[in-house]
Amino acid sequence: MPDDGRRSPTWPSGASRVVGVIGDPISHSLSPLLHNAAFDALGLDWVSVAFTVPAGAAAAALTGMRALGLAGLSVTMPHKEDAFDAVDHASAVARRLRAVNCVTLRDGALTGDSTDGAGFLGALQRATGFEADGRRCLVLGAGGAARAVVLALAEAGAAEVVVVNRTPARAEVAAALAGAMGRVGSTSDVAGADLVVQATPVGMAARAGSDGEALLLDPDALHPGQVVADLVYLPLETPILRAAAARGATPVGGLGMLVHQAALALELWTGRAVPVEAMWAAARARLGDRR
Ligand code: NAP
């Protein structure tokens, strides 16, 4: 490898730095595509691959990461909490969430971080210019992704973060991440929100004509002036996004969050500014969205 880390004509070679993603299932993951698109654009002698790691094996995978000298790993389902337990150090955000979505190896130590929340805010800002400061926000769902978003919105200064979830006890845990700004609510709070975030898997399998079954809220509560974000990115256009657009609200799909959280992970691993546009282009090309 040349001293500046740039790739040689024989890439990938024995000198290439390796990063990847762990999860199960993982073969569908867009992470290697996004990482490699950035490495291409930067001309870096790095390569990203996906590793199927079954539930319960995250700690062993991170031991292997250290032994193999992998520069970074993205962490997805079902490992985000186990990986938090297995790293040497964790960022402040990861400690609040007790979960990590990326691990960096530096000087033999593993540091865990969570870039989902910042990735969500970055994507939202890029798509709509939305700033959470002083705004009323509502999050549907209370799982790992929802909790990352709740914390990020609160830290960005949201006036209120309302959590609506099927299981009330989990809603309480998520709302607590927003401190005094957080509360558990119901779908009757949707109309009063400036930002509505759909953070459940509902809508993933939606087919045309089945939107009613795949909505967790009354679509008539959506209105112009609202931003409606879905974390689901497959399909690119989900029932709640269609309902939002039909009622004059601004829809934002989940692909941007995926791209931006990956870009933040790459910045941690490489120490370089990352070409987000190249990653967007690769993701859109793979998913068939040429907009
Ligand atoms: P998770 O931890 O399993 O949480 C799932 C949440 O959805 C829980 O609050 C659950 O409610 C709720 N839920 C599930 N099925 C439901 C149903 N039929 N009706 C009502 N509520 C339901 O999952 P996660 O990791 O947070 O992921 C959530 C979604 O975000 C997934 O679709 C994932 O692909 C997406 N995601 C996207 C990105 C991105 O970069 N765009 C990043 C992370 C996640 P209970 O608490 O009641 O079980």
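The values are calculated or read from the model by the stated rules, or taken from the named source; none is laboratory data. Since we're looking at a predicted model, the values are computed, not measured. Cβ placement follows ideal geometry from the backbone for every residue including glycine, while neighbour counts extend to all protein chains displayed. Only protein heavy atoms, including side chains, enter the accessible area calculation; ligands, DNA and RNA are left aside. Shrake-Rupley method; radii C 1.70, N 1.55, O 1.52, S 1.80 Å.
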Single match in 152, 158 (criterion: modelled with pLDDT of 95 or more and either outside the structural domain of residue 125 (by TED's automatic domain parsing) or assigned to a loop (DSSP other than H, G, I, E, B) (or both)): 158
Only one of 215, 222 is modelled with pLDDT of 95 or more, of a type in the set (A, V, I, L, M, F, W, C) and over 19 Å from the mean Cα position of the chain (by Cα), namely 222
For the range 179-203, what are the residues that are more than 20 Å from residue 121 (Cβ to Cβ), in a loop (DSSP other than H, G, I, E, B) and modelled with pLDDT of 95 or more? 185, 186
How about the range 54-74: which of its residues are part of a helix (DSSP H, G or I) and of a type in the set (A, V, I, L, M, F, W, C)? 58, 59, 60, 61, 62, 65, 67, 68
Is there a residue in the range 138-149 that is surrounded by fewer than 23 Cβ atoms within 10 Å (Cβ to Cβ), away from the ligand (no atom under 13 Å from the Cβ) and not hydroxyl-bearing (Ser, Thr, Tyr)? no
Selection from the range 164-181 of residues open to solvent by less than 50 Å² (accessible area, probe 1.4 Å), touching a strand residue (DSSP E or B) at 6+ places or on another chain (Cβ under 6 Å) and away from the ligand (no atom under 15 Å from the Cβ) yields 178
Residue 117 fails exactly one of (1) free of Cβ contacts under 8 Å to residues at least 60 places away in the same chain; (2) more than 11 Å from the ligand (Cβ to nearest atom); (3) within 21 Å of residue 267 (Cβ to Cβ), namely (2)
In the range 89-127, residue least open to solvent (accessible area, probe 1.4 Å) [restricted to those that are among the charged types (D, E, K, R) and out of contact with any Ser or Thr (no Cβ under 7 Å at 6 or more places or on another chain)]: 116
Count, please, the residues in the range 28-53 that happen to be in a helix (DSSP H, G or I), more than 12 Å from residue 286 (Cβ to Cβ) and within 18 Å of the chain's Cα centre (by Cα). 2
Checked against (1) open to solvent by 20 Å² or more (accessible area, probe 1.4 Å); (2) farther than 16 Å from residue 122 by Cβ; (3) over 14 Å from the mean Cα position of the chain (by Cα), residue 234 satisfies every condition except (3)
